[in-house]
Amino acid sequence: MRTSVVVIGGGQAGLAMSWWLDRTGVDHVVLERGVVGQSWRERRWHSLRLLTPNWMNQLPGLHDMGGDPDDYLGATEVVGLLDGYARAFGAPVLPHTTVVGVRQTASGFRVDTDGGSWRCRAVVVATGTEGASRVPALAGELGGDLQQVTALGYREPGRVAPGAVLVVGASASGVQIADELRRAGRSVTLAVGDHVRVPRTYRGRDIYRWLDELGVLDERYDEVEDLARARRLPSLQLVGSPQRRSLDLATLSAAGVQLTGRLVGIAGGRVLFSGSLANFLKAGDLKQARLLDRIDEHVGGGPVDRPEPTPLPLPVTELELARFSAVVWATGHQPRYPWLDPALLDRRGAIRHDGGVLGAPGLYVLGLPFTRRRRSNLIAGVGPDAEALCAHLVGHLGRARSAA
């Protein structure tokens, strides 16, 4: 089978690229291991809503989202959005097709799947960020009686073993899961590391309104001083809810969630935590204050309705392991690319790229954090990135055609 471009992944990134390829008249196919939006169907907990309000969730050619622009879509609604989007322009999605190999050839690439091989001149990797949960090695020391759940595997409190729960990780997933467990009456301890605290609203507007207006979300990958750090930043401590409520460590602490420092080890039947909690809390508050100062300067006014500093709890550096019935690992995830040439990956297994363009001519990646802009891994970010990479890809196809 032959086509000009193979897009791997039928989520928002793959569909956005498909839309731009269709618009520019480039024949292509979208290979999807399941069906459109598969990750949204199978790897989200039941109560999950997007962190971004509806007005942000635009895709190329789709501008009228319908409904309340300041509401937040749930996972099933995102699936409906992507399904409808794919049908709207007839995206050439080939479902239930798993890629097993991508190899460079004299004329382009060969993409091997469990249903046959494709010959093409360019490949776009749009599989997102969720290849596998990142679980620390010490998880193996916890013992078989303790239930261990990852953020990707978590669904609802009722599926977590009865009793006290240790949640490890305090970015968006960690604080949301800790909050849901606590609201279900569970005793929750949250192990905290580096995090980004922001209010849901400030000066009567959603924080994403301000980030968008300030140009923060459109900062380019070639404009930041430390791109590697920018790509590793935790997701914002936010929750999408009709009440537009803030969700941060101060809120959780007030609700009875016990905060500790980072989980650092298991010894003698005890869980060991670092003594760095105070530093993490102060750093999170400081970064939030700097952002709010920037908003105040932008509007020309003084501080208003500032969140209170996170109260510093009594330091806890160890707890009895036996007190917990379950551990939830909200420690992030690591994309996996077993079908790519290892030479294209860094020592951590991540794709090495320059704004989405890989070292192998004709190979691209889309939908990763800060691919080209700070918003790159949001639904609102894949469209502009896809447009830029599509233009580069079309240029590559023209150069390849001229050289042939």
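Points to keep in mind about this one:
- Exclusive hit being outside any loop (DSSP other than H, G, I, E, B), out of contact with any His (no Cβ under 7 Å at 6 or more places or on another chain) and surrounded by 20 or more Cβ atoms within 10 Å (Cβ to Cβ), set Gly381, Gly395: Gly381
- Of the criteria (1) of a type outside the set (Ser, Thr, Tyr); (2) in contact with a strand residue (DSSP E or B) (Cβ under 8 Å, 6 or more places away or on another chain); (3) modelled with pLDDT under 95, which one Gln12 fails: (3)
- Residue within the stretch 194-204 that is modelled with pLDDT of 95 or more, touching a Ser or Thr at 6+ places or on another chain (Cβ under 7 Å), surrounded by 15 or more Cβ atoms within 10 Å (Cβ to Cβ) and of a type in the set (Phe, Trp, Tyr) present: no
- Taking the stretch 133-151 as the range and being free of Cβ contacts under 8 Å to residues at least 40 places away in the same chain and either assigned to a helix (DSSP H, G or I) or acidic (Asp, Glu) (or both) as the test, the residues that pass are Ala137, Gly140, Asp145.
- Gln104 meets each of the listed conditions (1) of a type outside the set (Asp, Glu); (2) in contact with a Phe, Trp or Tyr (Cβ under 8 Å, 6 or more places away or on another chain); (3) over 24 Å from Ile207 (Cα atoms) apart from (2).
- Subset of the stretch 229-264 that is within 21 Å of the chain's Cα centre (by Cα) and hydroxyl-bearing (Ser, Thr, Tyr) - its residue that is modelled with the lowest pLDDT: Ser241
- Residue check, Arg270 in the same structural domain as Arg155 (by TED's automatic domain parsing), touching an Asp or Glu at 6+ places or on another chain (Cβ under 9 Å) and charged (D, E, K, R): yes
- Where a residue in the stretch 108-132 is without any contact (Cβ under 8 Å) to a residue 24 or more places away in the chain and outside the structural domain of Gly153 (by TED's automatic domain parsing) and its partner, wherever it lies, is of a type outside the set (Val, Ile, Thr) and in a strand (DSSP E or B), with Cβ under 6 Å and at least six apart: Arg110/Arg103; Arg110/Ser117; Arg110/Arg119
- Comparison of Arg183, Arg232 shows that the only residue that is among the basic types (Lys, Arg), surrounded by fewer than 21 Cβ atoms within 10 Å (Cβ to Cβ) and either closer than 30 Å to Val357 by Cα or in contact with a Ser or Thr (Cβ under 7 Å, 6 or more places away or on another chain) (or both) is Arg232.
- Taken over the stretch 265-297, the criterion of being without any contact (Cβ under 8 Å) to a residue 12 or more places away in the chain and of a type in the set (A, V, I, L, M, F, W, C) is satisfied by Ala267, Leu286.
The values are calculated or read from the model by the stated rules, or taken from the named source; none is laboratory data. For clarity, every value in this text was computed on a predicted model and none was experimentally measured. Note that each Cβ is placed from the backbone with ideal geometry, even for glycine, and that neighbours are counted across all protein chains shown.
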